[in-house]
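Q: The structure follows.
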Amino acid sequence: MRAAGLDTFECGDVFDRVARLRPAPTGTDTARTAKLVDNLRVLLSISNLADSELFTPGGPVAHAAPWLAALGAAGERLGHHAATGRLDRGLRAILTHVVIFHWNRFGLSAASQGILARAATTAVLPRS
């Protein structure tokens, strides 16, 4: 999302859109969700994931570095197409479905996607 040029609040909007399409189940464990929000707040605040300890050689998800680079390149292209008026839909609407598509490919259930999306929204957007 950042590679596409979205700011923090716009990323929060994308997560909120995902949450509306993938509602969290009722009765979720609030303590576990609060811990997930805290962890996501840290993860989503990393300005350059590719250079973080997570994706560098020997990092816990170093094997996914090529995937991260490909998503970054795709995001840059989407952002460019949005800036030049070449998209038929809004960038955030498109990215909402990109997130869902990839979470589906990861094998996350709709319920897990709902929990994750709501937690990410809470982590990114200011509390009111």
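The values are calculated or read from the model by the stated rules, or taken from the named source; none is laboratory data. Since this is a predicted model, take the numbers as computed values, not measurements. Using ideal geometry, Cβ is built from the backbone for each residue, glycine included, and neighbour counts are taken over all protein chains shown.
Q: Got a number for residues in the stretch 13-36 being under 20 Å from V99 (Cα atoms), surrounded by fewer than 17 Cβ atoms within 10 Å (Cβ to Cβ) and of a type in the set (A, V, I, L, M, F, W, C)?
A: Within the stretch 13-36, residues that are under 20 Å from V99 (Cα atoms), surrounded by fewer than 17 Cβ atoms within 10 Å (Cβ to Cβ) and of a type in the set (A, V, I, L, M, F, W, C) number 1.
Q: Can you name the number of the only condition in (1) surrounded by 14 or more Cβ atoms within 10 Å (Cβ to Cβ); (2) under 12 Å from the mean Cα position of the chain (by Cα); (3) farther than 23 Å from R105 by Cβ that L44 fails?
A: (3)
Q: Give me the helices (runs of 4 or more DSSP H) completely within the stretch 1-116, filtered to those with at least 1 residues that are more than 29 Å from R127 (Cα to Cα) and of a type outside the set (K, R), ordered by residue number.
A: 65-83, 91-106
Q: Then there's this: Tell me which residues, restricted to the stretch 90-109, are surrounded by fewer than 11 Cβ atoms within 10 Å (Cβ to Cβ) and either at negative phi or of a type in the set (F, W, Y) (or both).
A: G90, F101, R105, F106
Q: Next up: Checking the conditions here, which among P23, P66, P126 is more than 16 Å from M1 (Cα to Cα) and modelled with pLDDT of 95 or more?
A: Just a single option satisfies the conditions, and that option is P66.
Q: Let me ask you something else. Working only within the stretch 6-31, note down all residues that are within 12 Å of the chain's Cα centre (by Cα) and closer than 12 Å to I115 by Cβ.
A: F15, V18, A19
Q: In the stretch 49-73, how many are farther than 16 Å from F106 by Cα, touching a residue at least 60 places away in the same chain (Cβ under 8 Å) and surrounded by 13 or more Cβ atoms within 10 Å (Cβ to Cβ)?
A: Residues meeting the conditions: 1.
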